[in-house]
Each structure stands twice: as structure tokens, then as C-alpha cells.
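Engineer: Just passing along the structure, written as C-alpha cells.
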Amino acid sequence: MFKSTYLNDFYAKLSQRYHDQPEFLQAVEEFLTSMDMLVEKDPRIQKNAIIERIVEPERIIKFRVSWVDDAGNVQVNRAMRVQYNSAIGPYKGGIRFHHSVNESIMKFLGFEQTFKNSLTGLPMGGAKGGSDFDPSGKSDNEIMRFCQNYILELYRHIGPRMDVPAGDLGVGAREIGYMYGMYKRIQNEFSGTFTSKGIESGGSLGRAEATGYGLCYFVEEMLKAFKNDTFKDKRVIISGAGKVGSMAAEKVHELGGKVVGMSDISGVIRDENGIDLELIKTLAKTNSVVMDKYRAYHPEATFSPTTKDIWKIPCDIAMPCATQNEIYLDSAKELVSKGCWLVAEGANMPTTIEATKYFQDNHILFAPGKASNAGGVAVSGLEMTQNAMFLNWTFEEVDAKLHEIMKNIFRKCHEASMMYTGKPDDLVTGANIAGFIKVYQAMLQQGV
Ligand code: NDP
């Protein structure tokens, strides 16, 4: 599988030990394919067991969350926090509330987060957390009670210099507000500690837009470097109409592209006039899913209840922004056959290894999520800075810094790709190596 015997032996043992953690193994395998050259060139990596150490989380905290629903029944959920790597800064990573949350998914996300945070250039280690609690269909009071009980355990493991959580799937400003409120009550200090907070609670302007906008800034750099082109008149499809997808759609539109397809869990809308983003925003205020309601306002659009049908829509650029493993090999083939020539991951690991390889073999420009969706955590880092300085920057200041960070991330990936593969556009290898090097050097400096 890998050229290096050392990596092959290591991965064989890892897959035996964690045979029941497919998402985690997938993320590690994807990362290790980029390590062959480095391991061969730099014997210190093997000598200091850097790969063995970087792949194991420093700590996993698991706990029970009991709470009372509106009917007075006691409910029990499982929760965890994976504190992955603190070599370059305090642990930092989102919290996910979704029925699918398990150790494999938390570990894959925390592992990727470590390199993503390193790529931003800001001092942030990697972490991820979550619970199998599903906020959809729950009342506001139920969500508040769950969040408060979640913090009653988690508070002892987090802090502004220790571990700084943020949002993710199922966790937005509302949930962060309830969690931060409880944390603050226990600690009796206004320390920040969470990012993606509401503006009035110490959040940063531009954080809500950051992941989606950052994704578009990264793609802009790719278009410039590889095609001498821009978003103008490009047909774009975006899966997921949540925090990442909706903001990416807004920026694509602003940069002159046309979003012709979007999806959420209810299905896929294709609208050749360009998706009506204002309508989606309005519908989202009162509905948890919106795509199945779109045609009532735009009968000329078409709807499919099958989410993967989005990859059948002809486009120039595809942005998977919903969840992990959305694009399997069959959908990758479909995309390429319909003319797509650039895929940029807004979600974490939305493309399987086989699908990624297919894109690369077919010379499709490919932006890996750990680089292209790093804008969210980058602005979370800026939120931490503002909290520490007791200052608020304007939206324009934050957005300008985000833009610069995304340009830098692209530059680092591009340069590492050139240096280690001789190819300018292998951004998967470029992101893995550029993200790894800073963490690796810090680990060497800090001893075993
Ligand atoms: P949200 O919960 O805000 O949005 C996710 C959206 O995707 C929802 O519209 C959801 O529908 C939809 N969805 C879920 N599964 C599918 C599917 N199979 N097909 C189509 N739509 C689907 O989450 P975020 O936007 O915050 O996160 C999306 C992804 O981006 C995740 O992988 C996350 O880890 C990653 N990410 C997020 C960052 C952030 O700043 N928020 C930063 C970096 C990465 P429904 O609500 O109906 O389930």
C-alpha cells in the first residue's frame, strides 16, 4: 500500500487494533500516503516514533449526559472529547451533535483538525468532540438542558489555554451560547473558551461566514494558479445547505459564479436560473429542511429526494459541504463524465480515497478539506485573539485576515506539492506535508 515497509507495518498493526473504526483508518491512510517521501528522507521521524505518536490522540474523555425532556422523561446520551495533539497550541476543534457520533468519527475529525489548524499558521492544537444527541426535532428548552448538562462534565477539561471548542454539524451559535453560558457560570470568568459565540457574547464578526467564504478564497487561488481564471460564469454545485454550504453559495454568487444545484437531507434542487439564496435563507428561518419546499416558489426548478443526485448535475466546480463520505467512486465518475473539472471540499473528508484517486487520475483539480475548509478554524483563532486582547475587529478586518490566511494556506500546499512530488497541483500531498511539518518540529523540540 505504501512504499515504505515501516509505514506498511505500522498501518497493518493500526488497522488490526482499530478494525472497528473505518473513518479513522480512512483519514490515517490518506495521510500516510503523503508520508512515504518524508519518512525516507528524514530518519528522525521513525527514530522518534513521530508517526506512532501523531496518530494516537493524547487523550480521549468519554462521559454520560443525562437530561430531562419536555415530557419529564430522563434521557441519556453518550459524549466524548478527543484531545488529539497540543504540540503547537491549546486543543482546538468543533463539537458535533448528531446521532452518528462515535469514536471513529471523532478521531478522524480530531486527526484532520491537527493538520488543518497547523496550516492556518495560528497556534492551535487539534481536537474534536461531540455527542450522539440529535438536536433536530428537539425544543429550544430541551437543547438548552442538554447543552448545560453536557458542560457540567466537559467544563473541567476545557479552558482558554487548554482546549477551546467550537461548532460543527448540529452545533451553531444557539448551542454554543447555552454551553458557554453554563461554562461561564461554573468558572465565574469571561474567558472566551468557546469560539463561534454570538457577537454579543464575545464572538467574532465574520466567523459565521468564514468556512464557506474561505473555501471560495482557496478556490480563487486554484483558479488563478492553474487556469489563469476566476469564478466568473462558472457553474457550481454545493451539497449541504448548512453553515458551510450556504455561505459558500453566497460567496460564489458574489464572485460571479452561478450555483445551479444545492442539497440538504431532504433532497436536491437544480435551478438553471441560479439557486435563489434569499429564498433558502428565508425558508431556513422556520424549517429544518428547505430543498423539498423550493419548487413551491420556483416551479421551473427540478427536485430529487435522492441526495447523491446532486453529483449528476453538469457543472464546472463541485463543492461537497455536507458531511463525510458523500462522494464515492460512482459519484466521482458521474461528476467527471458531466464535465466537472474542479472539486473543493467544504466538509471534512466528503470524498472517499477511491473517489479522490479517480479525480487525481483524471486530472481534476482537487482541494482537500483540511486546507480548503480551514477558514472556519482560522477565524476561530482570530476570535481567540480578540477575546484575549478585549478587542473587536470589524467584519472587513476579519475578512481581510481570512483572505490572507487562505492565500497563504494555498501557497504552502502548492509549494509543498512542488517540492515533494514535482507536481504543482497535488494539493492532497501538499496539505498533508505542510500541515505535518510544523507539528512534527514542535514535537521534536518538546521531547518524548
Ligand atoms: P450544518 O449542520 O450547519 O449543515 C450541514 C448541512 O448538510 C445541513 O443542511 C444538513 O441537512 C446537510 N446534510 C447532512 N447530510 C447530508 C447528505 N448526506 N446530503 C446532503 N445534505 C446533507 O453543518 P456545517 O455546515 O457546520 O458542517 C458541514 C461540514 O463541514 C461538516 O463535515 C463539518 O465537519 C465541516 N466543517 C464545518 C466547519 C464550520 O465552521 N461549521 C468548519 C470546517 C469544516 P440537515 O440539517 O437536514 O441534516
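No value in this document is a laboratory result; all are computed from the given coordinates. The model shown is predicted, which means the values in this text are computed figures rather than measured ones. Here the Cβ is made from the backbone with ideal geometry for all residues, glycine too, and neighbour counts use every protein chain on show.
Engineer: Could you give the length gained on full extension between residue 64 and residue 418, defined as 0.36 nm per residue of separation minus the Cα-Cα distance, in nm?
Structural biologist: Length difference between fully extended and current span is 122.7 nm.
Engineer: Checking the cross-link filter: which aspartates and glutamates have an alpha carbon closer than 19 Å to that of residue 224, excluding same-chain neighbours under 8 positions apart?
Structural biologist: Of all the aspartates and glutamates, those that pass the test against residue 224 - Cα under 19 Å, at least 8 places apart if same chain - are 233, 254, 316, 345, 404, 415, 425, 426.
Engineer: Sort 337, 34 so the one with the fewest other Cβ atoms within 10 Å of its own Cβ comes first.
Structural biologist: On the way: 337 11, 34 24.
Going from least to most buried by this count: 337, 34.
Engineer: To the nearest 20 Debye, how big is the dipole of the range 59-189 about its Cα centre, given +1 on the beta carbon of each Lys and Arg and -1 on that of each Asp and Glu?
Structural biologist: The dipole of the range 59-189 has a size of about 460 debye.
Engineer: Explain nothing, just compute: Karplus ³J(HN,Hα) = 6.51 cos²θ - 1.76 cosθ + 1.60, θ = phi - 60°, for every residue of the range 186-194 in order, whole Hz, x for Gly and Pro.
Structural biologist: These are the phi-based 3J(HN,Hα) values: 5, 7, 6, 8, 9, 9, x, 6, 9 Hz.
Engineer: Once the dipole of the range 59-189 is set up with Lys and Arg at +1 and Asp and Glu at -1 on Cβ about the Cα centre, which of 150, 82, 105 lies farthest towards its positive end?
Structural biologist: 82
Engineer: Which of the lysines could a cross-linker span from residue 184 if the Cα-Cα distance has to be under 27 Å and same-chain partners fewer than 8 positions apart are dropped?
Structural biologist: The qualifying lysines are 62, 92, 128, 138, 197, 243.
Engineer: Taking R0 as 35 Å, what FRET efficiency do you get between residue 1 and residue 73 from their Cβ-Cβ distance, rounded to the nearest 0.05? Walk me through the intermediate numbers first.
Structural biologist: Numbers: r = 49 Å, r/R0 = 1.39.
My answer for the efficiency is 0.10.
Engineer: How large is ³J(HN,Hα) for each residue in the range 429-437, as worked out from phi by the Karplus curve 6.51 cos²θ - 1.76 cosθ + 1.60 (θ = phi - 60°), to whole Hz, x for Gly and Pro?
Structural biologist: 5, x, 5, 4, 6, 4, x, 5, 4
Engineer: Let me ask something else about it. Cβ under 15 Å from residue 150's Cβ, residue 150 left aside: what net charge do those residues give with Lys, Arg +1 and Asp, Glu -1? Please list the in-between numbers first.
Structural biologist: On the way: positive: 62, 64, 78, 81, 96, 128, 138, 145, 156, 174, 184, 185; negative: 69, 132, 134, 142, 153, 163, 168, 175.
Combined, the nearby Lys, Arg, Asp and Glu give +4.
Engineer: How much length is gained on full extension from residue 37 to residue 293, taking 0.36 nm per residue of separation minus their Cα-Cα distance?
Structural biologist: On the way: separation 256, 0.36 × 256 = 92.16 nm, distance 5.06 nm.
My answer for the length gained is 87.1 nm.
Engineer: Give the long-range amide H neighbours of residue 59: residues separated by 5 or more places, or on another chain, with amide H under 5 Å away, using H modelled in the peptide plane at 1.01 Å from N.
Structural biologist: It is 83, by chain and number.
Engineer: I would also like to ask the following. Run the quick spin-label model on residue 29 and residue 408: label points 7 Å from Cα toward the beta carbon, then report their separation in nm to one decimal.
Structural biologist: 3.5
Engineer: OK, next. May I ask you to list the chymotrypsin sites (Phe, Trp or Tyr not before Pro) in the range 382-416 that are in a DSSP loop and have at most 16 other Cβ atoms within 10 Å of their Cβ? Don't skip to the answer; put the middle values down first.
Structural biologist: Numbers: sites: 390, 393, 395, 410; in loops: 390, 393.
Within the range 382-416, the qualifying chymotrypsin sites (Phe, Trp or Tyr not before Pro) (loop, at most 16 other Cβ atoms within 10 Å) are 390.
Engineer: Further, regarding this structure: Give the percent of DSSP beta bridges with both residues in the chain that are antiparallel, rounded to the nearest 5. Before the final figure, lay out each step's value.
Structural biologist: Values: 25 of 47 bridges.
Of all bridge pairs located within the chain, approximately 55 percent are antiparallel.
Engineer: Under 5 Å between amide H atoms, partner at least 5 residues away or on a different chain: which partners does residue 75 have, H built in plane at 1.01 Å?
Structural biologist: 67, 68, 69
Engineer: Lysine pairs in the range 315-445 with alpha-carbon atoms under 14 Å apart, 8 or more places apart or on different chains: how many are there? Before the final figure, lay out the partial values.
Structural biologist: Working: 333/357; 370/412; 412/423; 412/438.
Step by step, the pairs that qualify in the range 315-445 add up to 4.
Engineer: Once amide H atoms are built 1.01 Å from N in the peptide plane, which residues 5 or more positions from residue 93, or in another chain, come under 5 Å H to H?
Structural biologist: HN-HN under 5 Å from residue 93: 127, 164, 166.
Engineer: Kindly write out, for the range 197-202 in residue order, the coupling ³J(HN,Hα) from the Karplus curve 6.51 cos²θ - 1.76 cosθ + 1.60 (θ = phi - 60°), rounded to whole Hz, with x marking Gly and Pro.
Structural biologist: Each residue of the range 197-202 in turn: 6, x, 4, 5, 8, x Hz.
Engineer: Over all directions, average the projected area of the Cα convex hull of the chain and note it in nm².
Structural biologist: Values: hull surface 83.3 nm².
Here the figure is 20.8 nm², rounded to one decimal.
Engineer: By counting other Cβ atoms within 10 Å of each Cβ, how are 310, 51, 45 ranked from fewest to most?
Structural biologist: Values: 310 29, 51 24, 45 20.
In order of increasing Cβ crowding within 10 Å: 45, 51, 310.
Engineer: Going 7 Å from the Cα of residue 201 in the Cα-to-Cβ direction, what parts of the range 380-397 have a backbone nitrogen less than 17 Å from that spot?
Structural biologist: Zone members listed by number: 380-381, 383-384, 387-388.
Engineer: Now, a different point. Looking at 343, 205, 60, which one has the Cα that reaches farthest to the positive end of the dipole of the chain (charges on Cβ: Lys, Arg +1; Asp, Glu -1)?
Structural biologist: 60
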